[in-house]
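Have a look at the structure below, then the notes.
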Amino acid sequence: KAGVTQTPRYLIKTRGQQVTLSCSPISGHRSVSWYQQTPGQGLQFLFEYFSETQRNKGNFPGRFSGRQFSNSRSEMNVSTLELGDSALYLCASRQGLVTGELFFGEGSRLTVL
Amino acid sequence: AQSVTQLGSHVSVSEGALVLLRCNYSSSVPPYLFWYVQYPNQGLQLLLKYTSAATLVKGINGFEAEFKKSETSFHLTKPSAHMSDAAEYFCAVSTGTASKLTFGTGTRLQVTL
């Protein structure tokens, strides 16, 4: 059974650009969460999607957005990139909204220059 | 609101020695507690979780943790360290199985010969 797949694994952008990251959950998992990991702030929750609806949201500015498709795949977008957005973005999936362990992908490492 | 404090950003032990990684939590409701491990350039892997059942929780790779409500602690232990245990370990808390995870700042474990 394939794990959580995140693409791209590495990317470099410049300030002001936007970026879209993709996450394919484990087959059968309907919930997808996103976390940001930085050396300074650690691991912080961005948002969670279930059945194409955002169910929970962390304390991030509106530049950070996401969506989920009918096949449970999810994308997150960051617009008007800032240097501080450089981070490892981790996606996690679980089977349901109230049950199941979170399985994490290997992350997408974003560098903003 | 909930939070997690991990004492010691770096812990070094000799191979074969006891591993003890400390985690204290704060939660206004009965918590769900987790320990995750992260190897370089990888995502997070769940080691073990406490969800109000047995207070002594056994996880993968020989790790275990004990929930102590009176001390608001959930320390991670392993009787004998192995070189392959070298990684970063994160303690996390949530207020329910459907809730977001709040992570500690992590403890990097070094295992020496």
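The values are calculated or read from the model by the stated rules, or taken from the named source; none is laboratory data. A quick note: this is a predicted structure, and the numbers were derived from the prediction, not measured. Positions of Cβ are generated from backbone atoms using ideal geometry, with glycine treated the same way; all protein chains shown enter the neighbour counts.
From the list A:Gly84, A:Gly40, A:Gly16, A:Gly62, which residue is over 23 Å from B:Leu48 (Cβ atoms), surrounded by fewer than 21 Cβ atoms within 10 Å (Cβ to Cβ) and either at pLDDT below 95 or in contact with a Pro (Cβ under 8 Å, 6 or more places away or on another chain) (or both)?
Values: A:Gly84 fails: either at pLDDT below 95 or in contact with a Pro (Cβ under 8 Å, 6 or more places away or on another chain) (or both); A:Gly16 fails: either at pLDDT below 95 or in contact with a Pro (Cβ under 8 Å, 6 or more places away or on another chain) (or both); A:Gly62 fails: either at pLDDT below 95 or in contact with a Pro (Cβ under 8 Å, 6 or more places away or on another chain) (or both).
Criteria check complete, one pass: A:Gly40.
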Identify, from the list B:Lys49, B:Lys58, the residue that is surrounded by 13 or more Cβ atoms within 10 Å (Cβ to Cβ) and of a type in the set (Lys, Arg).
-> B:Lys49
Provide a single number: the residues in region B:67-113 that are more than 12 Å from every other protein chain (Cβ to nearest Cβ), among the polar types (S, T, N, Q) and within 19 Å of B:Leu56 (Cα to Cα).
-> 5
Which one is farthest from the other protein chains (Cβ to nearest Cβ) among residues in region B:1-55 that are among the small types (Gly, Ala, Ser) and in a strand (DSSP E or B)?
-> B:Ser14
Subset of region A:72-113, residues β-branched (Val, Ile, Thr), over 13 Å from the mean Cα position of the chain (by Cα) and either within 14 Å of another protein chain (Cβ to nearest Cβ) or at negative phi (or both), comes to A:Val98, A:Thr99, A:Thr111, A:Val112
Determine which single condition A:Gly62 fails, assuming it passes every other condition in (1) more than 17 Å from A:Cys23 (Cα to Cα); (2) touching a strand residue (DSSP E or B) at 6+ places or on another chain (Cβ under 8 Å); (3) away from every other protein chain (no Cβ under 11 Å); (4) not aliphatic (A, V, I, L, M).
-> (2)
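In region B:63-113, which strands (runs of 3 or more DSSP E) lie fully inside it and hold 3 or more residues that are out of contact with any His (no Cβ under 7 Å at 6 or more places or on another chain), at pLDDT 95 or above and among the hydroxyl-bearing types (Ser, Thr, Tyr)?
Qualifying strands (runs of 3 or more DSSP E): none found.
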